[in-house]
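Participant: The structure under discussion is supplied below as structure tokens; questions concerning it will follow.
What follows draws every value from the coordinates through simple rules; no lab data is involved. Note that the coordinates shown come from a computational prediction; the quantities given were computed from them, not determined experimentally. Neighbour counts are summed over all protein chains in view; Cβ atoms, including those assigned to glycine, are modelled from backbone coordinates with ideal geometry.
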Amino acid sequence: MGDVVHNLPVVADLRAAIPDCRVDWVVEEPFSAIPRMHPGVDRVIPVSMRRWRNHLFAAGTRKEFSGLRSHLCQTRYDAVIDAQGLLKSALLAWMANGRSHGLDWKSSREPLRMFYDKVYCVPWSMHAVQRNRFLASNALGYAISELPEYGIAAPAESRSALESVFPMSSKGQFAVLLHATSATRKEWPEISWLRLAEHLSAHGVTSVFPFGSAGERQRSERLAAQIPGARVPPALSLDQLAALMARAHVVVGVDTGLSHLAVALGRPTVGLYCATDPAATGLYGSARALNLGGVGVTPSVDEVADAIQRLLEKT
């Protein structure tokens, strides 16, 4: 999900440089709601590479993959840009009907030169957002602005869908606390989440603990049970989660794609990094976002509370 969010500013760059361009976005199906939120994206083409990989020889997989290939060949593209730099994305770029552009062997996570017509060197020292913008601007020959523009908003229908299953419009100020991440080493301690939620409650802010998996739901319910007024929503779609975060007083999250989505939606967001370097893939491009911690450095509750205060003073 983070890779998808990090490419949103490329669309704004393209629209500013080439106003009449058409933008099609190929994206993994579970994350297709994100580019659909951007008014500058003309067509979203969902794919299921992860699911297909697990069922390579199934008749359904062959049929869907064949349909995708036919779909990508129907349009003659002036440029096909692989911003992810993985084998699966390079394969899709190679399949599409157009001159393909990608990262050179020094700049990508995998050696993929053979899949592209032209490659570019993009420094690893850049944040992921800037790397994507730099690649696209070099491929199409335009200059980029200093600050990125994510350009998305939660659709009205998503807000209505959220309100029908998890009413929050009349509940006052609330914080969305994103405790779930892809690796245990990236998690913030449960006791810290509890102390933070207590701090928020003392300031009249309700804590909301979303979840994705069954295990994450158990943790959300375990945390909420110990905080007066805290709430756990039902299982929400990505659209509904975006609508929830778009209304939040503040969002606090670990190293997860949803934290980046909160920033893209313009919410005050604190990123908690316990095992990764925020300089490379931390929250980026917003005066309403702060990163705390780093490799082997776990943020304290006091640091998070102070960061929230500083962000809210800017609003």
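Participant: Label points 7 Å out from Cα along the Cβ direction at ARG62 and THR298: separation in nm?
Facilitator: Spacing of the two 7 Å Cα→Cβ label points: 5.1 nm.
Participant: Next question, about the same structure. Please name which of ALA96, GLN84, MET37 has its Cα lying farthest along the dipole of the chain towards the positive end, using unit charges on Cβ (Lys, Arg +1; Asp, Glu -1) and the Cα centre as origin.
Facilitator: Positive-most Cα among the choices belongs to ALA96.
Participant: May I ask you to derive the FRET efficiency for ARG195 and SER237 from their Cβ-Cβ distance with R0 = 35 Å, giving the value to the nearest 0.05? Mind showing how you got there, number by number?
Facilitator: Values: r = 31 Å, r/R0 = 0.87.
Taking R0 as 35 Å, the efficiency between ARG195 and SER237 is 0.70.
Participant: Most exposed first by the Cβ proxy, i.e. fewest other Cβ within 10 Å, how do MET245, MET168, MET37 rank?
Facilitator: Taking fewest neighbouring Cβ atoms as first place, the list is MET168, MET37, MET245.
Participant: Further question: Contour minus end-to-end for ASP104 and GLU157, with contour as 0.36 nm per residue of separation and end-to-end as the Cα-Cα distance?
Facilitator: Roughly 14.9 nm would be gained on extension.
Participant: For the chain, set up a Gaussian network in which alpha carbons nearer than 10 Å are linked by springs, and say which option among ALA248, ALA262, ALA96 fluctuates the most.
Facilitator: Among ALA248, ALA262, ALA96, the largest GNM mean-square fluctuation belongs to ALA96.
Participant: What's the exposure ranking of HIS199, HIS38, going from fewest to most Cβ atoms within 10 Å?
Facilitator: In increasing order of surrounding Cβ atoms, one gets HIS199, HIS38.
Participant: Same structure, new question: Using θ = phi - 60° and the Karplus relation 6.51 cos²θ - 1.76 cosθ + 1.60, list the HN-Hα couplings for region 249-262 in order, rounded to whole Hz, with x at every Gly or Pro.
Facilitator: Taking θ as phi minus 60°, the curve returns 5, 7, 10, 10, x, 7, 6, 8, x, 5, 5, 5, 5, 4 Hz for region 249-262.
Participant: If you don't mind, another one. In straight Cα distance, which lysines are under 27 Å from LYS314, not counting same-chain residues fewer than 8 positions off?
Facilitator: LYS171
Participant: Tell me, what ³J(HN,Hα) does each residue in region 37-45 have, in order and in whole Hz, if you take phi through Karplus 6.51 cos²θ - 1.76 cosθ + 1.60 with θ = phi - 60° and put x for Gly and Pro?
Facilitator: Taking θ as phi minus 60°, the curve returns 6, 8, x, x, 8, 7, 8, 9, 10 Hz for region 37-45.
Participant: Need one word for region 156-314: rounded, prolate or oblate. Basis is the Cα gyration tensor (sqrt eigenvalues a ≥ b ≥ c); a/c below 1.5 gives rounded, then a/b vs b/c decides. Each step should come with its number before you reach the end.
Facilitator: Details: a/c = 1.35, a/b = 1.27, b/c = 1.06.
Because its axes are fairly even, with a/c under 1.5, region 156-314 counts as rounded.
Participant: Counting only DSSP beta bridges with both residues in the chain, what percent are antiparallel, rounded to the nearest 5? Intermediate values should be presented prior to the final figure.
Facilitator: On the way: 1 of 29 bridges.
Antiparallel: roughly 5 percent of the beta bridges in the chain.
Participant: So if I place +1 on the C-beta of Lys and Arg and -1 on the C-beta of Asp and Glu, and nothing else carries charge, what would the dipole magnitude of region 149-195 be about its Cα centre? I want it in debye, nearest 20.
Facilitator: The dipole magnitude comes to about 200 debye.
Participant: Where the centroid of each part is defined by its Cα atoms, how far is region 243-297 from region 120-177 in Å?
Facilitator: 11
Participant: If R₀ is 35 angstrom, what is the calculated FRET efficiency for the pair VAL165 and TYR142, using the beta carbon separation as r and rounding to 0.05?
Facilitator: Details: r = 43 Å, r/R0 = 1.22.
The calculated FRET efficiency here is 0.25.
Participant: A follow-up question, please. Using Cα positions and a limit of under 17 Å, work out the aspartates and glutamates in reach of LYS106, with same-chain residues fewer than 8 apart set aside.
Facilitator: Hits, sequence-local ones excluded: ASP82, ASP117.
Participant: Could you point to the residue in LEU177, SER160, ALA139 farthest towards the positive end of region 123-185's charge dipole, with +1 and -1 charges on the Cβ of Lys/Arg and Asp/Glu respectively?
Facilitator: LEU177
Participant: Which residues in region 98-112 have a backbone N closer than 13 Å to a point placed 7 Å from the Cα of CYS73 along the Cα-to-Cβ line?
Facilitator: 98
Participant: Further question: With a 10 Å Cβ neighbour count serving as the proxy for reagent exposure, in which order, fewest first, do GLU313, GLU110, GLU149 appear?
Facilitator: Lowest count first: GLU313, GLU110, GLU149.
Participant: Among THR276, THR298, THR61, which one shows the highest mean-square fluctuation when the chain is modelled as a Gaussian network with alpha-carbon springs under 10 Å?
Facilitator: Between THR276, THR298, THR61, it is THR61 that shows the largest mean-square fluctuation.
Participant: Out of PHE65, PHE174, PHE31, any idea which swings most in a Gaussian network model of the chain, alpha carbons joined below 10 Å?
Facilitator: Of PHE65, PHE174, PHE31, the Gaussian network model singles out PHE65 as fluctuating most.
Participant: Take every DSSP beta bridge with both residues inside region 166-315 and express the antiparallel ones as a percent of the total, to the nearest 5.
Facilitator: Taking every DSSP beta bridge with both residues in region 166-315, the antiparallel ones total about 5 percent.
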